1. Explain nothing, just the number: relative contact order of segment 81-210, from Cα pairs under 8 Å at least 6 residues apart, as a whole percent.
2. What is the helix-to-structure angle for 21-36, meaning the angle in degrees between its Cα long axis and the longest Cα principal axis of the chain, kept from 0 to 90 and rounded to the nearest 10?
3. Give me D for segment 1-114 in µm² s⁻¹, whole number, from Stokes-Einstein with Rh from the Kirkwood sum over alpha-carbon pairs, 25 °C and 0.890 mPa s.
4. Which percent of the Cα-Cα distances in segment 85-143 go past 18 Å?
5. Considering only DSSP beta bridges whose two residues both sit in the chain, what percent are antiparallel, to the nearest 5?
6. Accessible area per residue, 1.4 Å probe, Å², for the chain: what's the number?
7. If you place +1 on the Cβ of every Lys and Arg, -1 on the Cβ of every Asp and Glu, and leave all else neutral, what size is the dipole of the chain about its Cα centre, to the nearest 20 Debye?
8. Return the distance in nm (one decimal) between the two label points of a simple spin-label model at GLN70 and ASN90, each offset 7 Å from Cα along Cα→Cβ.
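The values are calculated or read from the model by the stated rules, or taken from the named source; none is laboratory data. What you see is a predicted model; the values in this text were computed from it and never measured. FYI the Cβ positions are ideal-geometry reconstructions off the backbone, even for glycines, and counts take in every protein chain you see. Ligands, DNA and RNA are excluded from the accessible area calculation, which covers all protein heavy atoms including side chains. Shrake-Rupley method; radii C 1.70, N 1.55, O 1.52, S 1.80 Å.
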Amino acid sequence: TLTKEIGEYVSLSHQLGWNNDKKIDEYRNEVNYAKANNLNTIISIDVLSDDRKKIGNLPNEFKSNDFFDQSLRQAYKDEILKIVNEFKPNYLFLGIEVNGYFKNNPDDFENFVSLYEETYDLIKTKYPNTKISVTFFYEDVYNENQWDAINAFGNKLDVIGFTTYPGFYYNSFDKIPEDYYSDIYKYVTKKPIMFMEVGWTGDDENKQANFVNELFKYSQDLKIEGFFWTLLHDWNFGG
């Protein structure tokens, strides 16, 4: 209810089920609820573990735990095509915070990029207007100079997706460098940007409010296609 009062889109994300229809059912329930509230949906598919060091939610049936495995690659394509064919999202993100995998598994990251490119081409053949991308955890991109993780995808990112939580690196917003977000266009092509998760961690409401006020100023030179707040309410991590 709160989402439809302040926005037009809702971002939905789940781990890939590797052809487990339970994940498709989760998307279906959420998409139907969004439609009932006149909200458009963006679908993000997480293929990594929470620490971004390995492939996530992978069944034992696969012989290896890398993106070179041909049965794994086919399962990835099959499930994503099921999702696209049923829900026909305007935006589709085929991986979340993939620069974590770039950092921890640089060789297999290349295999993921090739899988992404093949899947991108398959989707575009049938749905040329669907905007396809992955997301990157911006704090690590900026502070650890991981721009190559973005450039590895070449021209097959229709938008550039980021999650951003500056509070993980800076204890207040005035500590953030002035070029913090504008550096995106210094190191990568000037494509539209979507901030798919945005938030300031902690329970200091003044810092959270300041972050909201200042974020737009810091990103005013970018071609912003969308902002998505991570949560529209406080989250009790203990319960």
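1. Dividing the mean separation by the residue count of segment 81-210 yields 25 percent.
2. 50 degrees
3. The calculation lands on 163 µm²/s.
4. The proportion of pairs with Cα distances above 18 Å equals 41 percent.
5. 5 percent
6. Value returned for the chain: 51 Å² of accessible area per residue.
7. So the magnitude is around 780 debye.
8. Label-label distance for GLN70 and ASN90, simple model: 4.0 nm.
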